[in-house]
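Throughout, read-outs are computed from the coordinates displayed, never taken from laboratory work. Everything quoted here is computed from the prediction, not taken from an experiment. Note that we place each Cβ from the backbone using ideal geometry, even for glycine, and neighbour counts take in every protein chain shown.
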Amino acid sequence: MEPSQKARFLASLAPHSGDWLLALPIANCDLRLDDEAVRVAVGMRLGLSLWVPHSCPCGEHVDAQGFHATVCKKAPGRLARHQVFNNIIWKSMGSAGIPATKEPSGLVRQDGKRPDGLTLIPWQGGKSLAWDVTVAQSYVDGRQSVWGR
């Protein structure tokens, strides 16, 4: 078994890794995936060839499975995926009756980065809850890949 196949298999065994397949397709909650998003998500989960191999504008080779597109800083969908994830968290807060703001101004971490969102009401200890949309990276067969972002 190839390392990428083994990594895909082990990831599929992780708790809740398939929960996205059970989500109700509610458009108002941004839970409805269009046909192309489903094709790509299922194809990546199964390790199918999704694209014609080509050269990326950054100079890297993109294989038929398209893993490079998930990590390339020049990939057109990278920022859009981040914004979609952030919007889902923000809408979830609103659905729970928790007022929150996205991309709060004037709030900076010690490393100079800003959180992606902040609740407008205090929680434990009088502090607001801040969130940051981040996706873990994995390295398979010398290639860096990101699952989600």
Listing Phe9, Phe67 by rising number of other beta-carbon atoms within 10 angstrom, fewest first, gives Phe9, Phe67
Longest principal axis of the chain (C-alpha) makes with the long axis of helix 3-13 (C-alpha) an angle, in degrees to the nearest 10, of 40 degrees
Give me the one-decimal nm value for the distance between modelled label points at Ser128 and Cys56, 7 Å along each residue's Cα-to-Cβ direction.
3.5 nm
Built amide H within the under 5 Å cut-off of Gly117, gap 5+:
Glu103, Trp131
Counting C-alpha atoms alone, how compact is the range 82-126: give Rg to one decimal and Dmax as a whole number, in angstrom.
11.3, 31
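Once the convex hull of the alpha carbons of the range 1-141 is built, what does its volume come to per residue, in cubic angstrom?
Numbers: hull volume 23.5 nm³, N = 141.
Roughly 167 Å³ of hull volume per residue.
Hey, with R₀ at 25 Å, roughly what FRET efficiency would Cys29 and Arg114 work out to, going by the Cβ-Cβ distance, to 0.05?
Details: r = 25 Å, r/R0 = 1.01.
So the FRET efficiency works out to roughly 0.50.
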Counting lysine pairs in the range 3-146 that sit 8 or more positions apart or on different chains, with Cα atoms under 29 Å apart, gives 14
Working from the alpha-carbon coordinates of the range 1-48, get Rg over Rh, Rh being the Kirkwood radius.
1.05
Between 0 and 90 degrees, rounded to the nearest ten: what's the tilt of helix 35-46 against the longest Cα principal axis of the chain?
70 degrees
If one takes the longest principal axis of the Cα atoms in the chain, at what angle in degrees, from 0 to 90 and to the nearest 10, does the Cα axis of helix 78-95 lie?
40 degrees
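Arrange the following residues from fewest to most other Cβ atoms within 10 Å of their Cβ: Glu2, Glu103.
Values: Glu2 10, Glu103 13.
If I rank by nearby Cβ atoms, fewest first, I get Glu2, Glu103.
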